[in-house]
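Engineer: Just passing along the structure, written as structure tokens.
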Amino acid sequence: MEPLNALVSVSNFMLIPALAYGSQLALGALGITLIFSILRFAHFAHGDTMALGTAAVIGGTWFLQARGISIDPLPTALLAIPFGILVLAAYLLAADRLVYRYYRKVKAKPMIFVMASLGVMFVTNGITRLFMGVGETRFEDGGRFLFTVREFRDWTGLTEGMALRSAQAVTIVTALVVMVVLFWFLNRTRAGKSMRAYSDNEDLALLSGINPERVVRITWVITAILLVLAGTLYGLDKGFRPFNYFQLLLPMFAAAILGGLGSPIGAIVGAYVVAFAEMGITFAWRRVFSYLAPEGMEPSAMMQLLPVDYKFAVTFAILVIVLLFRPTGIFKGKVL
């Protein structure tokens with residue numbers, strides 16, 4: 001039974017959290033790769049726009065809760081997601097019209113777009129902090145666990161227990177559904193095919209009668225959907241704090257670059273690689289190896305390569321290695 005206890009332990013403390021975290025990063029990285037492949041610039045306001053969309057969802061959640069509306073045992077925030085999408089889509093379309101559209105007309109270099117996105121980032125960050133403050137906000141309600149550690153032990157008879165939080169289960173299922181729907185949209189619908197054509201060859205797409213402004217609008221709306229979903233799921237799982245969403249910019253970009261910028265599949269694969277690398281390297285393996293080691297030889301050290309505080313150092317190292325040795329990423333996307 002000891003190998004099973006070891007498997008349950010690593011699943012409870014590393015595999016399931018990494019799978020949920022990777023799903024959240026995947027949704028955000030998909031937005032980055034869509035913007036880069038179609039609008040052709042690195043959107044540095046990505047993390048803060050995610051925070052703004054999540055803040056709108058939190059506001060909608062509070063509104064519904066005040067009126068006694070819920071979908072127990074699921075979080076009420078799921079009902080407020082459409083409101084968050086509307087708010088963020090309107091904000092991104094306004095930012096595009098007021099900022100990015102001008103630079104597209106004058107055919108500015110990508111670096112100019114990056115600097116403009118930094119300005120949008122600071123403005124967005126200020127708006128979010130104005131309404132939400134800088135502290136942590138918890139908005140998760142409904143049933144907290146699908147099953148608890150005690151229930152798992154009673155079912156299996158194992159020494160080690162495992163719990164599955166509702167937020168983790170909702171994250172994994174939602175991410176899977178969204179990925180499937182997005183790939184269907186890009187490959188089966190006329191709008192999706194127009195986006196792919198515009199991404200592959202802008203001049204040829206224009207000669208084919210594709211409206212570039214329509215493609216841009218669709219891109220921002222899809223990005224808003226991905227960001228609100230990713231931000232809400234992350235907030236349900238770990239709580240909402242504006243600065244945490246700014247910090248997510250590094251792992252999301254690392255995931256998109258690792259998988260290959262411009263490749264949706266690459267963004268998803270890269271997100272899970274980054275998530276499992278962060279969790280695996282900062283995970284304390286002593287408990288797991290205590291079950292596997294012979295009696296009397298259990299490890300006394302934590303068997304932790306890096307403290308949890310250094311998880312972003314792992315992501316940064318991955319990013320540097322990819323940029324140095326394979327800048328096109330796993331799936332040979334575009335070079336940043």
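Engineer: At 1.4 Å probe size, put I318, I330, I71 in order of accessible surface, largest to smallest. Don't jump to the answer; show the numbers that get you there.
Structural biologist: Details: I318 30, I330 75, I71 55 Å².
Listed by decreasing accessible area, they come as I330, I71, I318.
Engineer: Here is a follow-up. If I stretch the segment between R129 and E202 completely, what's the gain in nm (0.36 nm per residue apart, minus their alpha carbon distance), one decimal?
Structural biologist: Details: separation 73, 0.36 × 73 = 26.28 nm, distance 3.79 nm.
Additional length available on full extension: 22.5 nm.
Engineer: Moving to a separate point now. For a label point 7 angstrom out from the Cα of A108 toward its Cβ, which stretches of region 20-53 have the backbone nitrogen within less than 14 Å?
Structural biologist: Within reach of a label on A108: 40-45.
Engineer: Here's a follow-up. Mind checking which helices in the chain clear 18 Å along their axis (Cα) and have mean Kyte-Doolittle hydropathy of -0.5 or more, DSSP H runs only?
Structural biologist: Values: long enough: 16-38 (33 Å, 1.61); 46-66 (30 Å, 0.64); 77-95 (26 Å, 2.44); 110-132 (32 Å, 1.50); 166-188 (32 Å, 1.71); 212-238 (38 Å, 0.97); 264-281 (26 Å, 1.69); 311-325 (22 Å, 2.69).
What comes out of the filter, once short or polar helices are dropped, is 16-38, 46-66, 77-95, 110-132, 166-188, 212-238, 264-281, 311-325.
Engineer: What are the residues whose amide H is under 5 Å from the amide H of I71, where those residues sit 5 or more places off or on another chain and H is modelled from the backbone?
Structural biologist: It is T76, by chain and number.
Engineer: Another question about this same structure. Within region 147-173, whose backbone N sits under 17 Å from a point 7 Å along Cα→Cβ of L4?
Structural biologist: Taking a point 7 Å out along Cα→Cβ of L4, the residues of region 147-173 whose backbone N falls under 17 Å are 149-163.
Engineer: Which residue, chosen from Y91, P3, Q247, occupies the Cα position most advanced towards the positive end of the dipole of region 3-325, where the dipole is computed from +1 (Lys, Arg) and -1 (Asp, Glu) charges on Cβ about the Cα centre?
Structural biologist: It is Y91, whose Cα lies furthest towards the positive end.
Engineer: With a 1.4 Å probe and every protein chain left in place, tell me how much accessible area W62 has, in Å² to the nearest 10.
Structural biologist: Accessible area of W62: about 120 Å².
Engineer: Related question: Between T137 and R153, what is 0.36 nm times their sequence separation minus the Cα-Cα distance? Round to one decimal in nm. Present the calculation step by step, with values, prior to reporting the outcome.
Structural biologist: Details: separation 16, 0.36 × 16 = 5.76 nm, distance 3.21 nm.
Extra length available between T137 and R153 comes to 2.6 nm.
Engineer: Would you work out if region 125-252 is rounded, prolate or oblate? Take a ≥ b ≥ c from the square roots of the eigenvalues of the alpha-carbon gyration tensor; rounded if a/c is under 1.5, else prolate when a/b is larger than b/c, oblate otherwise.
Structural biologist: Working: a/c = 3.71, a/b = 1.77, b/c = 2.09.
Taking the square roots of the gyration eigenvalues as a ≥ b ≥ c, region 125-252 is oblate.
Engineer: For region 205-336, count all C-alpha to C-alpha pairs, find those more than 18 Å apart, and express that count as a whole percent of the total. All intermediate terms of the calculation are to be shown ahead of the outcome.
Structural biologist: Numbers: 5770 of 8646 pairs.
Counting every Cα pair in region 205-336, those more than 18 Å apart make up 67 percent.
Engineer: Cα-based Rg of region 3-325 per 2.2 N^0.38 Å, rounded to two decimals? Write down the numbers at each step before the final one.
Structural biologist: Working: Rg = 21.2 Å, N = 323, 2.2 N^0.38 = 19.8 Å.
Here the answer is 1.07, to two decimals.
Engineer: Next question. Amide H of Q304: which non-local residues (sequence gap of 5 or more, or other chain) have their own amide H closer than 5 Å, using H built in the peptide plane?
Structural biologist: Under 5 Å from the amide H of Q304: W285.
Engineer: If you take all C-alpha pairs in region 50-162, what percent of them are over 25 Å apart? Spell out each step's value before the answer.
Structural biologist: Details: 2987 of 6328 pairs.
Above the 25 Å cut-off, region 50-162 has 47 percent of its Cα pairs.
Engineer: Kindly sort F36, F63 by accessible area of their heavy atoms, largest first, with the probe set to 1.4 Å.
Structural biologist: F63, F36
Engineer: Calculate what fraction, in whole %, of the accessible area of the chain sits on carbon and sulfur atoms when a 1.4 Å probe is rolled over the protein chains. Mind dumping the intermediate values first?
Structural biologist: Numbers: 10750 of 16050 Å².
Using a 1.4 Å probe with all protein chains present, the chain comes out at 67 percent carbon and sulfur.
Engineer: Kindly state, to the nearest 0.05, the FRET efficiency for A94 paired with E213, given R0 = 22 Å and r defined as their beta-carbon distance. Each step should come with its number before you reach the end.
Structural biologist: Working: r = 14 Å, r/R0 = 0.66.
With R0 = 22 Å, the Cβ-Cβ based efficiency is 0.95.
The values are calculated or read from the model by the stated rules, or taken from the named source; none is laboratory data. Please read all numbers here as calculations on a predicted model, not as lab measurements. Reconstructed Cβ throughout: ideal geometry from the backbone, glycine too, with neighbour counts over all protein chains shown. In case anyone asks, the SASA skips ligands and DNA or RNA and just uses the protein heavy atoms, side chains included. Shrake-Rupley method; radii C 1.70, N 1.55, O 1.52, S 1.80 Å.
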